[in-house]
Amino acid sequence: MEQLVVRLGAYADEAVHWIVWSSQQNEIIASGVLENADQLHSLSERAGRRPITALVPTSDVLLKWVELPAKAGRKALSAIPYMLEDEISGDINQQFFAMGPRKENLQAVAIVNKQKLQEWLDMISQAGLLCDQLVPDVLAIPQAQEGWAVLELGQQLLVRQDEWAGLQGEKQWLMPALGLHARQYKNTHAKALLVDNYSECQFDEASEIDSRSMPLELPMKVLAEGVAAAKFNLLQGDFKLKTSKGEGWKKWRLAAALAVFALFTSVIDKVIEQHHIQSQLAQLKSDIDSEYRRAFPNAGAYRDVRATMTSKMKVLEQGGGGASMLVMLNQLSTAFADSKIKPQTLRFDASRGELRMQVIANNFEALEQFKRLAQAQGFVVEQGAINNKDNQVIGSLAVRS
């Protein structure tokens, strides 16, 4: 996963370090230093859709462990500000308390001035960026298995003391402070303070610091790798970025609405199409039934029209006496076409090989023409009763093969 990590200063006019880091590829995509927070907008294209984590100076954040009563529930957390009131200078109502990890009855707390926290968020938002995570910078330094860890970032020195403690400040005054802490450590533990050194800082060999050189990497790379392990976020409670989700929803709301509309329209089209097909199918079934009844008026009820029709056709094709109704009709097709007579009813006597028809013709000559054409093909044609009706001739014919 790729992410943009920026390290903000305590104030907007301080330098801003940044890096675009790929944890999957374990590589730096881009990095640099901005002169001040006013130039953060230049990172908008680099940010893209990558998650953004902002590191803030630990000198403006107080990291504390608070001992809670045994079996204390969530309600006890609301009392933490008053438990720390004597240790915090200023009005506790102006401070924001973000809860960190908890170990049994020990609760980690990060305290930061609300106005300062809002200033950092303003730096980000005014640049058109959305920050997902805000972390005190020392918590992004890899925690040493024993002792402390030191990282140099520009003119700043970042020191991680343990899981929830650290120092940050100008190198020129923090180095002497680090030496003082080391002396106190040696007096207490009777051994030198072991330090994982991620920088080029040179410690006095005579000091109480035992420096262990770590792989020399770009400082922001070390911090970017450490952010993944820092499962803490100052953006809690009232400062939780609800607006970021709202903006994301607004961004995709139109697309989602169009997708839902398209789906709804598609469903309606499918329903209409299905209804149309069902109507056509019902009409087709009705037409088939009508044609079947007309072809076989004496047929009874049936279940499967295909099977029933096949059975009827076989009877017609395999009639007795060596004659076939379908074969006869096929052979008479030319006589029907040329004379232009139309059969109204058909009845086939298989035992006699005789086709009896009631036909309609335009005149008597058409009946005679049909008779001559049929006889020319070897059929025997007998005419029955002939009547005139509405300027047409209706007659009965018996045709034998």
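Kindly establish whether Gly166 is assigned to a helix (DSSP H, G or I) and in contact with a Ser or Thr (Cβ under 6 Å, 6 or more places away or on another chain).
In short, no.
Report whether or not Ser286 is within 60 Å of the chain's Cα centre (by Cα) and at pLDDT 80 or above. Don't jump to the end; show me each part of the working.
Values: within 60 Å of the chain's Cα centre (by Cα): yes; at pLDDT 80 or above: yes.
So Ser286 passes the test.
Return the only residue of Ser213, Ser199, Ser207 being farther than 25 Å from Ile19 by Cβ and of a type outside the set (Phe, Trp, Tyr).
Among Ser213, Ser199, Ser207, only Ser207 is farther than 25 Å from Ile19 by Cβ and of a type outside the set (Phe, Trp, Tyr).
Residue check: is Ala177 in contact with a strand residue (DSSP E or B) (Cβ under 9 Å, 6 or more places away or on another chain), in the same structural domain as Ala70 (by TED's automatic domain parsing), among the small types (Gly, Ala, Ser) and not in a helix (DSSP H, G or I)?
So Ala177 fails the test.
So the check is Cβ under 7 Å with 6+ separation or different chains; which pairs have a first residue in segment 221-244 that's in the same structural domain as Leu130 (by TED's automatic domain parsing) and within 23 Å of Ala144 (Cβ to Cβ) and a second one that's assigned to a loop (DSSP other than H, G, I, E, B) and modelled with pLDDT under 90?
Taking only residues 6 or more apart or on different chains, the pairs are Ala228/Ser23.
Taking into account only those residues within segment 17-38 that are over 28 Å from the mean Cα position of the chain (by Cα) and touching a residue at least 40 places away in the same chain (Cβ under 8 Å), which is surrounded by the most Cβ atoms within 10 Å (Cβ to Cβ)?
Ranking the candidates gives Trp18 first.
Listed here are the residues, each with its yes/no results for (1) under 26 Å from Tyr11 (Cα atoms); (2) touching a Pro at 6+ places or on another chain (Cβ under 9 Å); (3) assigned to a strand (DSSP E or B); (4) not acidic (Asp, Glu).
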| residue | (1), (2), (3), (4) |
| --- | --- |
| Arg49 | no, no, no, yes |
| Leu77 | no, no, no, yes |
| Ser89 | yes, no, no, yes |
| Phe97 | yes, yes, yes, yes |
| Gly100 | yes, no, yes, yes |
| Ala110 | yes, yes, yes, yes |
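May I ask you to list the residues in segment 360-390 that are touching a residue at least 12 places away in the same chain (Cβ under 8 Å) and farther than 14 Å from Ile341 by Cα?
Of everything in segment 360-390, those that are touching a residue at least 12 places away in the same chain (Cβ under 8 Å) and farther than 14 Å from Ile341 by Cα turn out to be Gln377, Gly378, Phe379, Val380, Val381, Glu382, Gly384.
Among the residues of segment 48-63, write down those that are farther than 17 Å from Met99 by Cα and surrounded by fewer than 19 Cβ atoms within 10 Å (Cβ to Cβ).
Gly48, Arg49, Arg50, Pro51, Ser59
The values are calculated or read from the model by the stated rules, or taken from the named source; none is laboratory data. Everything numeric here is computed off the predicted structure, so don't read it as measured data. Every residue, glycine among them, receives a Cβ derived from its backbone with ideal geometry; neighbour counts consider all protein chains shown.
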